[in-house]
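Colleague: Here it is: the structure, laid out below.
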Amino acid sequence: MLRTHTCGELTIKDAGKKVTLCGWLQRSRDLGGMTFTDIRDRYGITQLVFNMDSNAALCEQARKLGREFVISVSGIVAERSNKNAKMVTGDIEINVDQLEVLNTSLLPPFTIEENTDGGDEIRMKYRYLDIRRNPVKESLLLRAKVAAETRNYLYNENFCEIETPVLIKSTPEGARDFVVPSRMNQGEFYALPQSPQTFKQLLMVAGMDRYYQIVKCFRDEDLRADRQPEFTQIDCEMSFVEQEDILNTFEGLTKHLFKNVKGVDIGELPRMSFADAMTYYGNDKPDIRFEMKLRSLTPDPSPKERGENLVSGKNFKIFDDAELVVAICARGCAEYTRKQLDELTEWVKRPQLGMTGLIYSRWNSDGTYKSSVDKFYSAEDQQKWFEHCGGQQGDLILILAGEKNKTRKAMSELRLEMGNRLGLRKAGEYKALWVLDFPLLEYSDEQKRWFAMHHPFTSPKPEDIALLETDPGAVRANAYDLVINGTEIGGGSIRIHNKDLQKKMFSVLGFTDEDAQNQFGFLMNAFEYGAPPHGGIAFGFDRLCAMFGGSDSIRDYIAFPKNNAGRDVMIDSPSKISEEQLKELGIKLNEK
Ligand code: ASP
């Protein structure tokens, strides 16, 4: 070893020891007779002292070193007179008597410190320098910890880590595939896996029983904020299980990770049906750190909410014509000013939500009601709204009306926005839950056909199978999502393990028997050789890490991420390939 210690471990206990450290020069300060230099490695920073009186030549040499030079120093650990309580090594410094430059460095294009002066693009281009910075490095260390704890847990639960291939076959369901041309089979292509779904199911047919893998997956989607074309999943599958077993096993993993990574006990995970999530939160990944449930003022199609119409028949056309009139109650917000309400109105009118307006009703502290529709609705009417929403004196009700799906989605966003404004979505507070009973299928008006909501291998609930023929939209799936703080962290399902049912599913999805056989014959054939009942789940590993790190961005938790245009600006990829390579692959590019 070139070093006796790292730059992050020496403390007052080591005073008097002769040590050798290696690392990068963070910065130097010349104070006349002394030069103080910080040396940094992955483990921390240690202060070095060069003394003009005791060794002038060495001190001169130290003064010539540039930032990010790689150096090796030897000397004696000494107590500092000016201690820094914020650093592990803050009580000591090294009186250096030997210095070796292991490598020089160009001046880095941004400062390599906790807070840098470098913009996003330049830091991506020099990602290897950015990773030297503490926050980025810490994110990668956190990621490694989450991976290690995942492996610990799953290994102890008898899961076997198995690698599945990366060069596979393009299939039509799901997102767009990345494809790789085959040189040896010209005109044919591999696809990169969007997930190892079919392979893990084949491993169950193979008897491997409990499989997992921390695995790269690829989806060629238009990049939205915080999507990466390649991302990592904790991918798992189990045999001889029912939904309940999977929920318990992976609730266990979730708890284990929270406990061992964050030191947090998140308790039992509540469960909510998809239908309830949509009714009360307006989306299938509810943030349950706060209540503020959506309450429909028109009779709601969901059975639990069916009831009185609290708005119709008062000649208010907007409500009378609306498919859905839905409210939330913001605690203690009756005092909201005109300006605040106008601001919220503008907020729901943004093209992303596209609502035409926002209606409010205040229950003032003097007991009176004041709304933007007082002309149509009496105090008594408004009192009913508050009752229905569980509101109190001093609260504010916000109401949206319009087409069902659009209005529900807008209200879901408004709820989150109000949660933010009222400080109800606290960083550092974690609320996880299972969302269950998803519909098996969703209809695409554009393509005029049914699509699998999860994927085509997901099993319908046995009691709903008959509905596949008559009312496909009503069939519920044995599928589940793990949601934490309003983010979908994991999702999975019990699978179909019967060839005929799988065939039926493909036919509902509009495949001819021949197409199904061509695309998925390998799986359906395997089902003829004793496929066990099985099911599984996959966790979005990057997102999980970002959540543990308290960040919204998965990019910070990926060593070498792509930018928003799907480019790696460090290696400049994607890039053209040579004529020769193209020829070898038998690919002709269209001339523009
Ligand atoms: N393969 C699925 C996905 O990537 C997860 C699963 O069903 O296990 O979403």
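The values are calculated or read from the model by the stated rules, or taken from the named source; none is laboratory data. Here the structure is a predicted model, which means the values were calculated and not measured. Cβ: placed from backbone, ideal geometry, glycine included. Neighbour counts: every protein chain shown. Surface accessibility is based on the protein's heavy atoms, side chains included, excluding ligands, DNA and RNA. Shrake-Rupley method; radii C 1.70, N 1.55, O 1.52, S 1.80 Å.
Colleague: Which of the residues spanning segment 93-104 are of a type in the set (D, E, K, R) and open to solvent by 90 Å² or more (accessible area, probe 1.4 Å)?
Modeller: Pass one, segment 93-104, residues of a type in the set (D, E, K, R): 93, 97, 100.
Residue satisfying the conditions is Glu100 alone.
Colleague: Let me ask something additional. Which condition does Val166 not pass, out of (1) free of Cβ contacts under 8 Å to residues at least 60 places away in the same chain; (2) under 30 Å from Leu192 (Cα atoms); (3) out of contact with any Pro (no Cβ under 7 Å at 6 or more places or on another chain), if it passes all the others?
Modeller: Status for Val166: all satisfied but (3).
Colleague: Could you tell me how many of the residues in segment 477-525 are more than 15 Å from the ligand (Cβ to nearest atom), of a type in the set (Phe, Trp, Tyr) and in contact (Cβ under 8 Å) with a residue 40 or more places away in the chain?
Modeller: The total comes to 2.
Colleague: Go through segment 315-379 and tell me which strands (runs of 3 or more DSSP E), entirely inside it, have 2 or more residues that are in contact (Cβ under 8 Å) with a residue 24 or more places away in the chain and touching a helix residue (DSSP H, G or I) at 6+ places or on another chain (Cβ under 9 Å). Give the steps one after another, and end with the answer.
Modeller: Values: elements: 324-330, 359-363, 369-371.
Qualifying strands (runs of 3 or more DSSP E): 324-330, 359-363.
Colleague: Would segment 480-494 turn up any residue that is among the charged types (D, E, K, R), touching a Gly at 6+ places or on another chain (Cβ under 6 Å) and surrounded by 18 or more Cβ atoms within 10 Å (Cβ to Cβ)?
Modeller: Of the residues in segment 480-494, the ones among the charged types (D, E, K, R) are 481, 488.
Filter once more, keeping what is touching a Gly at 6+ places or on another chain (Cβ under 6 Å): 481.
Narrowing the set further to residues that are surrounded by 18 or more Cβ atoms within 10 Å (Cβ to Cβ) leaves 481.
Scanning segment 480-494, I find at least one residue that is among the charged types (D, E, K, R), touching a Gly at 6+ places or on another chain (Cβ under 6 Å) and surrounded by 18 or more Cβ atoms within 10 Å (Cβ to Cβ), so the answer is yes.
Colleague: Please count how many residues of segment 172-211 are within 12 Å of the ligand (Cβ to nearest atom) and under 21 Å from Ala526 (Cβ atoms). Break it down into steps so the answer makes sense when it comes.
Modeller: First, the residues of segment 172-211 that are within 12 Å of the ligand (Cβ to nearest atom): 173-175, 193-201, 204, 211.
Retained after the next criterion (residues that are under 21 Å from Ala526 (Cβ atoms)): 173-174, 193-201, 204, 211.
Count: 13.
Colleague: Here's something else I'd like to know. Give me the pairs, please: first residue somewhere in segment 547-566 and open to solvent by 20 Å² or more (accessible area, probe 1.4 Å), second residue anywhere and among the charged types (D, E, K, R) and in a loop (DSSP other than H, G, I, E, B), beta-carbon distance under 6 Å, and either six or more positions apart or on two chains.
Modeller: Correct list of pairs: Ser553/Asp226.
Colleague: Tell me yes or no: at least one residue of segment 243-258 is at pLDDT 95 or above and over 20 Å from Asn156 (Cα atoms). Before you say what the answer is, go through the steps one by one.
Modeller: If we filter segment 243-258 for residues that are at pLDDT 95 or above, which is where we start, we get 243-258.
This time we only want the ones that are over 20 Å from Asn156 (Cα atoms), so: 243.
The answer is yes, given that some residue of segment 243-258 is at pLDDT 95 or above and over 20 Å from Asn156 (Cα atoms).
Colleague: Out of segment 211-254, which residues are outside any helix (DSSP H, G or I), closer than 30 Å to Lys562 by Cβ and aliphatic (A, V, I, L, M)? Walk me through how you get there before you give the answer.
Modeller: Of segment 211-254, the ones outside any helix (DSSP H, G or I) are 211-242.
Checking which are closer than 30 Å to Lys562 by Cβ leaves us with 211-237.
If the condition is that a residue be outside any helix (DSSP H, G or I), closer than 30 Å to Lys562 by Cβ and aliphatic (A, V, I, L, M), then Ile214, Val215, Leu223, Ala225, Ile234 are the ones that fit.
Colleague: Continuing with the same structure: Within segment 130-146, can one find any residue that is in a loop (DSSP other than H, G, I, E, B), away from the ligand (no atom under 16 Å from the Cβ), within 30 Å of Gly252 (Cα to Cα) and not charged (D, E, K, R)? Steps first, please.
Modeller: We begin by selecting, within segment 130-146, every residue in a loop (DSSP other than H, G, I, E, B); these are 131-133.
This time we only want the ones that are away from the ligand (no atom under 16 Å from the Cβ), so: 131-133.
Checking the rest, the ones that are also within 30 Å of Gly252 (Cα to Cα) come to none.
No, that holds for no residue.
Colleague: Only one of these is over 27 Å from Glu221 (Cα atoms), within 16 Å of the ligand (Cβ to nearest atom) and either in contact (Cβ under 8 Å) with a residue 40 or more places away in the chain or part of a helix (DSSP H, G or I) (or both): Leu154, Leu107. Name it. Even if it seems obvious, please write down each step before you answer.
Modeller: Numbers: Leu107 fails: within 16 Å of the ligand (Cβ to nearest atom).
Only one candidate qualifies: Leu154.
Colleague: Suppose we filter Lys285, Lys293 for residues that are crowded, with 18+ Cβ neighbours inside 10 Å, among the basic types (Lys, Arg) and within 16 Å of the ligand (Cβ to nearest atom); which single one remains?
Modeller: Numbers: Lys293 fails: within 16 Å of the ligand (Cβ to nearest atom).
Testing whether each residue is crowded, with 18+ Cβ neighbours inside 10 Å, among the basic types (Lys, Arg) and within 16 Å of the ligand (Cβ to nearest atom) leaves just Lys285.
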